[in-house]
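Novice: Structure below; questions to follow.
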Amino acid sequence: MSDDTAFLDSALAAVSAAAGRVASARLAAGTASLVLDVTGLSAHERATLEADIRSALARVPEVSEVRIAMSSEKVERTIIAVGSGKGGVGKSTVAANLAVALARAGRKVGLVDADIYGPSQPRIMGNSDRPEMADKQIVPVEAHGVRMLSIGQLVEPGAALAWRGPMAATALGQLIDGDWGDAELLVVDLPPGTGDIQLSLIQKWKPAGAVIVSTPQDLALIDATRAIDLFRKMNVPILGLIENMAGYACPHCGEVSDPFGTGGAEAAAKVLSIPFLGRIPLTIAIRTASDAGDPPAAGEGEEAALFRDIAARLMERMAAA
Ligand code: ADP
């Protein structure tokens, strides 16, 4: 290290966020030239880092001008599509809780709510803040350790319903190409069925795999099979099937009954030779928690353990895919 960087080194040492990020620092004729490695930082974090460094260097008498260049390696993001054959099977609820469980398992997770028919993630995740823009990118909001963007944050409720293909695809692009910082996994909550959003996601963003949510009912399974076929035809690996609303635990006596049957999805997974990731019962607790913006996966109850196990199985499948 040459002498002229000594002033810089001691000034930069005071900026804790700069630790390990200064790729080079030079001082010549009063001009400090820095190259920062900003891999994984969001636009906001980059701006804060730059401002902190500028103010630290402004206090160094030998420095009259500061030039900062930033470089970053692109963070490779793995997209997991969460789909279902039809609406109302709990796809959004499962997507949210899966994202929270993956974050609790130490993954850096983003959640994209692309369900134009009923964007519900702001409610389920309990954050209805409007996202900000930075450098023409939307900055996700945060809830329960997960970054989140929803189509419901971009348009008034109901407005997206009339969208034709290209508009829906443009909105999806804004969400997926948001400022996700160092998020390595993006869980995408798709609309039900096999429409334009699914096709755009598959064609433009190439998900690493798809998770299908189904109730045990046959009808839902026939619909689910169609969704599975679409992913398969387009070479998106099916990471697994999750059976939701399987068995009802009475909150008074604890007796478990099966309003929609149980095990239907597991049996179907076998027939379709796709992995079965797990079963979530129909419980009042899940519904009230979802309405209150308090996903059970973020808590300590039985449901949290279920989602933790499903997330662990999903990570195994991803590692194997
Ligand atoms: P989808 O995304 O498939 O349309 P949602 O996730 O919006 O479905 O769920 C539909 C309704 O069912 C919501 O009111 C939600 O709280 C409720 N729900 C989902 N899963 C469960 C469950 N396992 N137990 C109880 N209620 C559930």
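Novice: Could you please find all residues in region 274-291 being surrounded by 17 or more Cβ atoms within 10 Å (Cβ to Cβ) and hydroxyl-bearing (Ser, Thr, Tyr)?
Specialist: If the condition is that a residue be surrounded by 17 or more Cβ atoms within 10 Å (Cβ to Cβ) and hydroxyl-bearing (Ser, Thr, Tyr), then Thr283, Ser290 are the ones that fit.
Novice: Here is a follow-up. Which residue pairs have Cβ atoms closer than 6 Å, lie 6 or more positions apart in sequence or on different chains, and pair a first residue in region 115-131 that is in the same structural domain as Gly90 (by TED's automatic domain parsing) and small (Gly, Ala, Ser) with a second residue that is buried (at least 18 other Cβ atoms within 10 Å of the Cβ) and not in a loop (DSSP other than H, G, I, E, B)?
Specialist: Every condition considered, the pairs that remain are Ser120/Ser92; Gly126/Ala143; Ser128/Pro122.
Novice: Quick check on region 165-188. Is at least one of its residues in the same structural domain as Asn235 (by TED's automatic domain parsing), assigned to a helix (DSSP H, G or I) and either touching a His at 6+ places or on another chain (Cβ under 9 Å) or under 25 Å from Ala298 (Cβ atoms) (or both)? Quick ask: steps written out before the conclusion?
Specialist: We begin by selecting, within region 165-188, every residue in the same structural domain as Asn235 (by TED's automatic domain parsing); these are 165-188.
If we keep only those that are assigned to a helix (DSSP H, G or I) too, we end up with 165-176.
From what is left, the residues that are either touching a His at 6+ places or on another chain (Cβ under 9 Å) or under 25 Å from Ala298 (Cβ atoms) (or both) are 175-176.
The answer is yes, given that some residue of region 165-188 is in the same structural domain as Asn235 (by TED's automatic domain parsing), assigned to a helix (DSSP H, G or I) and either touching a His at 6+ places or on another chain (Cβ under 9 Å) or under 25 Å from Ala298 (Cβ atoms) (or both).
Novice: Right, next: Can you tell me which residue among Thr93, Thr78, Thr31 is closer than 23 Å to Gly209 by Cα, touching a residue at least 24 places away in the same chain (Cβ under 8 Å) and away from the ligand (no atom under 16 Å from the Cβ)? I'd like the intermediate steps shown before the answer.
Specialist: On the way: Thr93 fails: away from the ligand (no atom under 16 Å from the Cβ); Thr31 fails: closer than 23 Å to Gly209 by Cα.
Of the residues listed, the single one that is closer than 23 Å to Gly209 by Cα, touching a residue at least 24 places away in the same chain (Cβ under 8 Å) and away from the ligand (no atom under 16 Å from the Cβ) is Thr78.
Novice: Could you please find all residues in region 113-127 being within 16 Å of the ligand (Cβ to nearest atom) and either more than 17 Å from Ile80 (Cβ to Cβ) or more than 13 Å from the chain's Cα centre (by Cα) (or both)?
Specialist: Filtering region 113-127 down to residues within 16 Å of the ligand (Cβ to nearest atom) leaves 113-126.
Once the filter is applied, which keeps residues that are within 16 Å of the ligand (Cβ to nearest atom) and either more than 17 Å from Ile80 (Cβ to Cβ) or more than 13 Å from the chain's Cα centre (by Cα) (or both), region 113-127 yields Asp115, Ile116, Tyr117, Gly118, Pro119, Ser120, Pro122, Arg123, Ile124, Gly126.
Novice: Restricting to helices (runs of 4 or more DSSP H) lying wholly in region 217-312: which have 2 or more residues that are within 14 Å of the ligand (Cβ to nearest atom) and either of a type outside the set (Phe, Trp, Tyr) or over 26 Å from Gln121 (Cα atoms) (or both)?
Specialist: By residue number, 218-233, 284-291.
Novice: Do you know which of the residues in region 193-216 that are within 20 Å of Gly278 (Cα to Cα) and surrounded by 23 or more Cβ atoms within 10 Å (Cβ to Cβ) is farthest from the ligand (Cβ to nearest atom)?
Specialist: Ala210
Novice: Okay, next question. If you go through region 240-273 one residue at a time, how many are under 28 Å from the mean Cα position of the chain (by Cα) and crowded, with 20+ Cβ neighbours inside 10 Å?
Specialist: Number satisfying all stated conditions: 10.
Novice: Then there's this: Being surrounded by fewer than 19 Cβ atoms within 10 Å (Cβ to Cβ), among the hydrophobic types (A, V, I, L, M, F, W, C), modelled with pLDDT of 90 or more and part of a loop (DSSP other than H, G, I, E, B), is that true of even one residue in region 13-32?
Specialist: yes
The values are calculated or read from the model by the stated rules, or taken from the named source; none is laboratory data. For clarity, every value in this text was computed on a predicted model and none was experimentally measured. Ideal geometry is used to build each Cβ from the backbone, glycine not excepted, and the neighbour counts take in all protein chains shown.
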